[in-house]
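In what follows, a structure is listed as structure tokens, so that the remarks can point back to it.
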């Protein structure tokens with residue numbers, strides 16, 4: 001055995017094994033052409049994203065073009081990175097109904113965990129599949145309400161129907177509505 | 001008049017050789033990235049030009065327009081001198097390499113050898129001497145940067161280049177004993193007439209060849225012996241503080257050195273421009289094409305070997321490198337000298 005080990009050492013056997021491995025890949029790539037690079041040429045080719053991809057966060061609207069957000073601040077409370085700032089206010093003349101007067105998301109801090117989406121009682125927040133948001137100025141990543149709504153419009157063309165039984169003066173929450181009786185049509 | 005023709009011919013030869021070498025250096029950078037990526041299931045540069053073929057030009061333009069930074073604590077004179085001291089010896093060695101058959105042509109009554117810039121009788125010694133000066137560029141660059149990583153890289157380069165240059169010098173002595181000449185042209189000429197006349201096979205210099213190859217990889221600071229650079233330990237070693245054209249000089253010197261050691265290896269061990277079969281296939285007038293082609297093929301095969309090694313092997317540890325150089329390569333090279341001397345002594349008698 002010792003002799004075999006000596007012969008292996010003297011002939012650089014292990015190195016030759018490694019060099020055979022690399023030249024095999026080289027020949028397969030260049031001469032036989034039965035092997036492909038695993039590279040994805042990113043700006044030209046893009047990976048197909050799964051439906052559950054957690055990209056930029058968007059605010060949604062109902063099908064009658066009204067905002068879903070009721071300004072409850074739960075997303076702000078749920079956010080671990082303090083991305084969200086909600087300035088809530090009541091709708092003028094309707095003291096029971098509130099909405100988000102201003103809504104900011106500082107996406108530089110966002111870690112795309114999706115806790116705000118889970119926390120939202122009215123499903124007003126959603127995660128899109130957008131991710132190409134490189135900016136020259138980092139202040140451009142502090143999104144306001146209009147930008148977030150535009151993101152939602154851009155990515156979710158089918159909007160949720162606004163339920164009719166909702167009283168116009170009462171904020172609608174979707175929490176306990178699983179057991180609602182079916183609506184009479 | 002004769003002087004003028006002679007000087008003109010020399011200038012033309014130097015221009016052609018320098019142009020070819022610089023072009024090869026530029027496209028070696030691309031070739032290296034491409035070969036490495038092909039061996040590693042990647043694609044390499046693909047953006048500039050078709051399949052990334054114009055990447056070296058883009059790199060060159062980028063390096064040319066980059067800011068030239070000299071660190072505040074650096075020794076400005078040595079910091080500027082080091083890249084030049086590294087680049088010039090790398091190019092100067094090409095003066096004695098025979099690129100083709102030792103032909104003579106008559107031009108306005110002057111005899112000119114078109115494929116050899118100069119045939120000095122100490123050719124190989126001249127190359128080794130200038131290669132040693134190239135090491136100063138690395139050491140001075142590392143010291144003048146006033147950076148601990150640069151200094152460590154420079155020190156490592158000093159130790160490594162000295163120990164492996166010794167092995168190179170001893171490895172080629174076997175060839176010199178067989179040839180009885182230090183001139184690169186004579187060494188190449190003596191190996192004519194088929195591959196069994198090459199020093200590697202006919203001269204039984206296989207140990208010297210292996211020692212030379214490994215030491216050449218170590219001397220050009222290439223993987224797996226790139227300890228002076230050692231990206232993962234020393235940032236970029238002695239090149240850490242360099243940017244722009246000064247960095248490009250070091251980079252070009254590294255690749256020019258690769259070409260130079262490949263040229264020496266093919267001349268000393270693989271017969272230089274000689275074909276592996278006796279004589280030439282083309283008629284005598286055109287046989288120089290064959291010679292130059294064979295020389296090119298051999299040099300590029302060595303360059304491919306450099307890339308191949310880099311794609312395969314991880315970096316050695318520093319103590320492994322030193323032990324391998326002094327305890328393995330040096331005794332092998334010395335033993336080769338002894339055996340070759342004995343064989344030559346008895347065969348000649």
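Kirkwood hydrodynamic radius, computed over distinct alpha-carbon pairs, for region B:2-348: how many Å, to one decimal? Evaluated on region B:2-348, it is 21.2 Å.
Cα gyration tensor of region B:45-125, axes a ≥ b ≥ c as square roots of the eigenvalues: rounded (a/c below 1.5), prolate (a/b > b/c) or oblate? Taking the square roots of the gyration eigenvalues as a ≥ b ≥ c, region B:45-125 is oblate. For region A:18-90, just say rounded, prolate or oblate: build the C-alpha gyration tensor, square-root its eigenvalues into a ≥ b ≥ c, call rounded for a/c under 1.5, and beyond that prolate if a/b exceeds b/c, oblate if not. Taking the square roots of the gyration eigenvalues as a ≥ b ≥ c, region A:18-90 is prolate. Here is how the number arises for chain A: DSSP H runs of 4 or more residues each give -39500 (n - 2.57), the sum is divided by the residue count, and the result at 222 nm is -7000 deg cm²/dmol.
Hydrodynamic estimate: the Kirkwood radius of region B:171-245 over Cα pairs, inserted into Stokes-Einstein at 25 °C and 0.890 mPa s, corresponds to D of 166 µm²/s. Using only Cα atoms, locate the centre of region B:156-218 and the centre of region B:280-309, then give the distance between them in Å, rounded to an integer. The two parts, judged by their Cα centres, are 18 Å apart.
Taking square-rooted eigenvalues a ≥ b ≥ c of the alpha carbon gyration tensor, is region B:64-197 rounded, prolate or oblate, where a/c under 1.5 means rounded and, failing that, a/b exceeding b/c means prolate? Oblate.
The angle between the Cα long axis of helix B:287-312 and the longest principal axis of the Cα atoms of chain B comes to about 40 degrees, rounded to the nearest 10. Taking the average, over residues, of other Cβ atoms within 10 Å as the packing measure, peptides B:232-245, B:135-148 rank B:135-148, B:232-245 from highest down. Working note: Cα gyration tensor of region B:208-317, eigenvalues times five, square-rooted, sorted largest first, giving semi-axes of 34, 16, 9 Å. Scaling the Cα radius of gyration of chain A by the globular reference 2.2 N^0.38 Å produces a ratio of 1.73. Each peptide among B:294-302, B:259-267, B:70-78, A:76-84 gets the average number of other Cβ atoms lying within 10 Å of its residues, and from highest to lowest they stand as B:259-267, B:294-302, A:76-84, B:70-78.
When only alpha carbons are used to place a centre, region A:10-65 and region B:1-46 end up 33 Å from one another. Spatially, region A:76-109 and region B:49-83 are offset by 51 Å when compared through their Cα centroids. A crude spin-label estimate for the pair residue B:23 and residue B:296, with each label 7 Å from Cα along the Cβ direction, gives 0.9 nm.
Calculated [222 nm] ellipticity per residue, helices only, for chain B: -21500 deg cm²/dmol; basis is -39500 (n - 2.57) per DSSP H run with n ≥ 4, divided by all residues, nearest 500. With respect to chain A, whose longest principal axis is taken over its alpha-carbon atoms, helix A:145-155 is tilted by about 60°. Rounded to the nearest 10 degrees, what's the angle between the helix B:76-92 long axis and the longest principal axis of chain B, both from Cα atoms, 0 to 90? Long axis of B:76-92 versus the principal axis of chain B: about 20 degrees. Value of Rg to Rh for the protein assembly as shown, rounded to two decimals, is 1.20; Kirkwood radius and Rg both from alpha-carbon coordinates.
No value in this document is a laboratory result; all are computed from the given coordinates. It should be emphasised that the depicted structure is a prediction, and the values quoted were computed from it without experimental measurement. Methodologically, a virtual Cβ is constructed for each residue, glycine included, from the backbone with ideal geometry; neighbour enumeration extends over all protein chains shown.
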